[in-house]
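The values are calculated or read from the model by the stated rules, or taken from the named source; none is laboratory data. Since this is a predicted model, take the numbers as computed values, not measurements. Cβ sites come from the backbone with ideal geometry, for glycine too, and all protein chains shown count toward neighbours. Ligands, DNA and RNA are stripped out before the accessible areas are found, and what is left, the full protein with its side chains, is counted by its heavy atoms. Shrake-Rupley method; radii C 1.70, N 1.55, O 1.52, S 1.80 Å.
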Amino acid sequence: ILGEHLRICPQGYTCCTSEMEENFANKSRSEFEAMMKEAGRSVQTTLTAQHRSFDSYFQDLLNKSEKALYDAFPSTYGELYTQNMKVFKDLYSELRRYYRGSNINLEEALNEFWTRLLERLFKLMNPQYHITDEYLDCMVKHAEQHKPFGEVPRDLKVKATRAFIAARSYAQGFLVGSDVVRKVSQVSLSHECTRAIMKLMYCPHCRGMSSVKPCNNYCLNVVKGCLANQADLNTEWKYLMDSLVIVADRIDGPYNVDTVIGTIHMRIAEAISNLQENKDSITAKVFQGCGNPKISTKGSSSEDKKRRGKVALEAKSSAQALEMLVLDAKGNLTALKTYWITLPSSLCSKKVMASSVADDKCWNGMTKGSYLPEVMGDGLANQINNPEVEVDITKPDMTIRQQIMQLKIMTNRLGNANIGNDVDFQDTSDDMSGSGSGDSCPDDVCGKRLSKSPSTRQPETHAIPKQSGHGINGASSRSLPSAFLLLLSVAFIAAQHLWR
């Protein structure tokens with residue numbers, strides 16, 4: 001029949017009624033959006049699997065360390081352990097909460113542990129004295145000078161904080177990446193894209209050419225136009241993948257979590273042994289600095305004398321498992337780096353089943369023949385002359401812009417973790433319209449504490465999204481005022497209004 005009634009397909013002779021054309025338009029829209037979600041699910045599955053593997057490994061390390069402590073300490077230390085069991089349980093609980101993203105200062109948590117342990121052990125090792133809380137306060141003030149636990153607290157604090165900072169940022173990076181893909185894959189097609197996809201996929205049917213495949217370059221122009229905003233994720237997405245790779249190297253290198261986390265119980269045992277071996281000299285120094293406490297009427301206990309041996313502990317290394325985890329993660333992250341800019345060609349070749357580049361008997365949007373227009377570049381700015389899709393380059397998709405911001409924030413956290421600086425997990429869902437880590441944060445992974453070193457990466461940097469002032473020490477890597485994030489939010493909201 002004559003095709004004067006057609007609104008999308010060429011108005012020559014046609015097999016389609018107006019209703020058929022509308023049905024095809026709806027069908028092509030739902031099919032293309034399903035293709036996008038399916039491609040996104042594949043990436044999400046990869047990232048969540050990497051998170052699950054590392055999270056399981058890390059939690060297992062911590063669990064084994066805690067179990068080794070609980071198994072060995074009672075028989076070796078007696079009351080020194082049994083009367084202070086809660087101190088040890090609280091430490092491991094705080095370490096888990098920090099890893100899961102709670103708003104905890106890890107250095108302060110470790111300092112608190114050593115302080116509480118020293119207070120309890122000092123009283124237990126000197127039962128003949130009546131030691132008041134005021135006296136303990138005085139003793140704690142001199143602890144840094146006397147080093148009752150030797151170098152263990154300082155050494156463990158340095159190594160454990162770096163390992164935990166890297167581990168929790170690394171784990172969270174996978175979740176944020178997966179969440180970004182999920183949200184971006186749900187972005188609906190515009191009206192112009194629906195028409196272009198229909199013309200690409202089903203107009204050949206209306207011309208009686210159902211077996212003719214779309215020209216490859218024609219398909220690329222349509223899909224690049226429809227996924228122009230998604231392609232703009234590419235730069236920040238690559239930065240995130242690179243950052244995760246480099247932090248993975250830290251986790252299996254300088255900040256080795258297997259060595260540090262798996263031996264926490266051994267370091268605690270070493271510290272207690274230091275205190276026991278130097279009990280007399282440390283007590284004498286405390287008495288000299290804080291005065292002699294009163295003699296207790298309860299009398300002495302022989303428990304301390306019975307429990308003086310060193311605890312027999314060994315570390316069961318899982319270094320090979322960690323190495324395999326890191327290698328697997330790096331391979332997957334490298335493969336995903338170009339996901340957003342290779343998505344159009346992937347969809348055209350695997351889903352739309354476009355013909356080969358050289359085919360001159362393909363569907364070119366009008367008839368069977370060759371396709372002459374050049375292929376557009378990637379991203380929104382390059383679609384200004386797209387011959388197949390009308391794209392308003394002045395109106396970026398706000399959901400995708402918000403996800404670009406989430407990638408920047410997560411990359412900044414990883415950049416900080418890479419140099420051993422503590423990072424926050426501030427939930428930006430309120431001022432960024434629910435984007436980022438809000439939907440996938442385990443427990444309270446999005447705490448409200450400001451990063452100790454938020455900074456801005458130079459866009460030219462590539463290997464790792466380095467921060468401005470990279471490698472800066474001292475004051476320049478300390479906290480920026482909270483006004484910085486407030487200003488960033490205000491600027492972002494203002495930009496939203498301008499784009500509208």
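Using a 1.4 angstrom probe on heavy atoms only, work out the carbon and sulfur share of the accessible area of the range 347-398 in %.
The C+S portion of the solvent-accessible surface of the range 347-398 is 51 percent.
With a 1.4 Å probe and every protein chain kept in, tell me what percent of the accessible surface of the range 1-107 is carbon plus sulfur.
That share works out to 49 percent.
Which FRET efficiency value, to the nearest 0.05, is calculated for residue 327 and residue 120 with the Förster distance at 30 angstrom and r the Cβ-Cβ distance?
Using R0 = 30 Å, I get an efficiency of 0.10.
With label points built 7 Å along Cα→Cβ from the Cα atoms of residue 385 and residue 133, find their separation and express it in nm.
Distance between the two pseudo-spin positions: 7.8 nm.
Which order do you get for 398, 85 if you rank them by accessible area with a 1.4 Å probe, largest at the top?
Output order, biggest surface exposure first: 85, 398.
Taking only protein heavy atoms into account and a 1.4 Å probe, give the accessible area per residue of the range 87-128 in Å².
Result: 37 Å² of accessible area for each residue.
How far is it, in nm, from the label point at residue 60 to the one at residue 107 when both lie 7 Å from their Cα along the line to the Cβ?
3.3
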